[in-house]
1. Rule-of-thumb check for the range 16-151: C-alpha Rg over 2.2 N^0.38 Å?
2. Given the options 180, 347, 213, which has the most mean-square fluctuation in a GNM of the chain, springs set between C-alpha atoms less than 10 angstrom apart?
3. Return the whole-Å distance between the Cα centroid of the range 34-113 and the Cα centroid of the range 228-278.
4. Taking 22 Å as R0, compute the FRET efficiency from the Cβ-Cβ separation of residue 52 and residue 192 and round it to 0.05.
5. Hey, what number do you get for the chain at 222 nm if only DSSP H runs of n ≥ 4 count, each worth -39500 (n - 2.57), divided across all residues, to the nearest 500?
6. Pick the calculated P(r) over Cα pairs in 10 Å bins from 0, in percent for this structure from (i) 4, 15, 21, 18, 15, 11, 7, 4, 3, 2, 1, 0; (ii) 5, 23, 33, 25, 11, 3, 0; (iii) 4, 20, 28, 25, 15, 6, 2, 0?
7. What is the chain's relative contact order, in percent, from Cα pairs under 8 angstrom and six or more apart in sequence?
8. I need to check one value: relative contact order of the range 202-432, counting alpha carbon pairs closer than 8 Å and at least 6 residues apart, in percent.
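Readers should treat all values here as calculations from the given coordinates under stated rules, not as data from a laboratory. In this text the structure is predicted, and so the values were computed from the model without any measurement. Glycine also receives a Cβ, built like all others from the backbone with ideal geometry; neighbour counts cover every protein chain displayed.
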């Protein structure tokens, strides 16, 4: 398992404990103090164009305080983490603010590893003259409540973006042992004469190279998020305990997989990040909940995540992991008469109202009589969420593979890093758009 160094807290831990004790006395405007979120972010960008590399860095820090009343939750946010900034922020709602008398010790600066700039230059050379951006992303955060405080630790990430006729991107944990291999896949040129499947045709689809993770990210991960379930905007609402797919399929949302981009040790509401078994033997076992969703659904919280300190936490998945089966991918592919093999997905969406799912396929193959015949042109595949789940073949591949293409997950217009790992899966039928 990939290991990353444990990051610092935004402020001195002893001062954070004192701050938590002082927050137990906060009252204001008929609202109860919920939590104080503190965050520091670093983004370093290496912008490559015409064989020139420009380095830009952006350091940000800020805080947000939440207050809960019987009818609503109020969030106040501001930049800065000084004592005066935190006092001013809490004073917007609190009748009286008494911060710890001592000044917090400043945390060391967040800096990129020394090797990162050299690595970015090497990547820029491999990318060639096309405009591209190579990013290093890191953050440190803490959540302060009246009953204590928690460090929010997540691994630093790198993101490689290439523009052009067919823009593409890679997102991974910095230092991952597979990063070089993923870059090689990222740089593979598109096929010269791809084959375009006929719109409206319905074919079996074999998801390889970890691409089934993106499929399940949409069908199960998003649809199990508590805000959609509570609003009855998910086809999985009210189906806890029901069989939704083949009995050989198990799916876990696991933030402890620190080798994947959605990892964290505590969520942005200060709850320890633990694996949640979403699907066990084909049955929907649990939902993903933030604190509010946990109160409403009776499930354990731990998936309240923020896109930034000025945004409230909402229910978001972390790393979706599909348990491997016993079948070799070659066996599954060899049994196909006429089908599609998907090797790279550029993105996916699911409409909670209609549960219609659309997958944007970037790379793949047409299969005839168990053999790959022609490379697949970019296309879109679609089907209803529950229908696709019901059509998953019981034979699960034995090849768990992390997907570097999942990247930023956008919900309500807010991007967050997520990850996935999946074996080869066969869906008996999907429609070509």
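1. 1.41
2. Residue with maximal mean-square fluctuation among 180, 347, 213: 180.
3. If you average the Cα positions of each part, the centres end up 28 Å apart.
4. Details: r = 30 Å, r/R0 = 1.36.
Working from the Cβ atoms, E equals 0.15.
5. Working: 9 runs with 71 residues, N = 433.
Taken over the chain, the calculation gives -4500 deg cm²/dmol.
6. The value matching this structure is (iii).
7. Values: 1101 pairs, mean separation 73.1, N = 433.
Normalised by residue count, the contact order of the chain is 17 percent.
8. Numbers: 632 pairs, mean separation 66.9, N = 231.
The value is 29 percent.
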